[in-house]
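Student: The structure follows.
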Amino acid sequence: MDVYPMSLMWSVKIVGLGVVALSLSLELLGWVFGRCRRRRTLNKVLFFPSKVACVEHLLSQNSACSCFCPLPHGVETSFSCLLRHILSASSSLDLCVFSFSNMDLSRAVLLLHSKGVTVRVLSDKHYSAITGSQIGALRKAGVCVRCDAGSVHMHHKFAVVDGRQLITGSLNWTLTAVQSNMENIIITEEAELVQPFIKEFNQIWALNDPARFYKS
């Protein structure tokens with residue numbers, strides 16, 4: 001028997017098995033990395049009413065400032081988690097909310113604005129004028145605000161952070177909603193969920209461009 005053809009045949013088999021093993025290994029690695037990517041995608045649910053706790057450490061620009069208020073300190077709540085995600089904005093915040101009277105949320109938006117984050121706010125024209133609304137304070141500070149001029153209420157409650165993170169749910173940006181109502185918030189970075197909200201915001205924003213009304 002010729003040894004050379006036999007050794008050649010075994011070499012071919014070994015190479016073939018190696019190729020199959022490499023292919024399976026690459027497929028397995030792809031599956032593992034895909035799972036890791038999916039796990040890293042932010043998906044979070046918050047429920048309200050939130051426990052009442054001090055959030056001054058999140059809103060104060062002076063990191064060395066100590067707060068001596070009587071509220072609990074160092075407590076993570078649904079509201080503090082919401083604030084952290086809003087304040088995580090580094091380039092843009094698009095906010096579309098029916099009623100906006102919560103002072104701490106207003107401070108968060110103003111803090112982002114002062115840091116150079118591009119902030120756009122859409123609100124309902126009727127509720128933007130009620131006592132306690134923060135819309136006037138935002139306008140006064142130079143935040144770009146538009147109110148829906150349609151015949152129906154603009155009842156959305158959502159925010160888009162940096163064009164990649166969606167914050168939405170039943171929660172109006174009011175003290176009552178945060179502390180007294182049974183509400184919910186979903187925070188996600190799933191692109192197929194974020195993109196439709198970006199589109200909706202841009203459509204409402206364009207429809208309520210003051211230049212349209214001046215021209216007409």
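The values are calculated or read from the model by the stated rules, or taken from the named source; none is laboratory data. If you're wondering where the values come from, they're calculated on a predicted model, not measured in any experiment. FYI the Cβ positions are ideal-geometry reconstructions off the backbone, even for glycines, and counts take in every protein chain you see. Areas reflect the complete protein model, heavy atoms only, side chains present, ligands, DNA and RNA absent. Shrake-Rupley method; radii C 1.70, N 1.55, O 1.52, S 1.80 Å.
Student: Would you confirm whether any residue within the range 156-175 is in contact with a strand residue (DSSP E or B) (Cβ under 8 Å, 6 or more places away or on another chain) and open to solvent by 80 Å² or more (accessible area, probe 1.4 Å)?
Tutor: No; the residues of the range 156-175 include none that is in contact with a strand residue (DSSP E or B) (Cβ under 8 Å, 6 or more places away or on another chain) and open to solvent by 80 Å² or more (accessible area, probe 1.4 Å).
Student: Continuing with this model, one more query. Suppose we keep only residues that are out of contact with any helix residue (DSSP H, G or I) (no Cβ under 7 Å at 6 or more places or on another chain) and part of a loop (DSSP other than H, G, I, E, B) within the range 155-171. Which one would you say is farthest from A206 (Cα to Cα)?
Tutor: S170
Student: Filter the helices (runs of 4 or more DSSP H) completely within the range 48-114 down to those with at least 3 residues that are over 17 Å from G142 (Cα atoms).
Tutor: In the range 48-114, the matching helices (runs of 4 or more DSSP H) lie at 56-59, 78-87.
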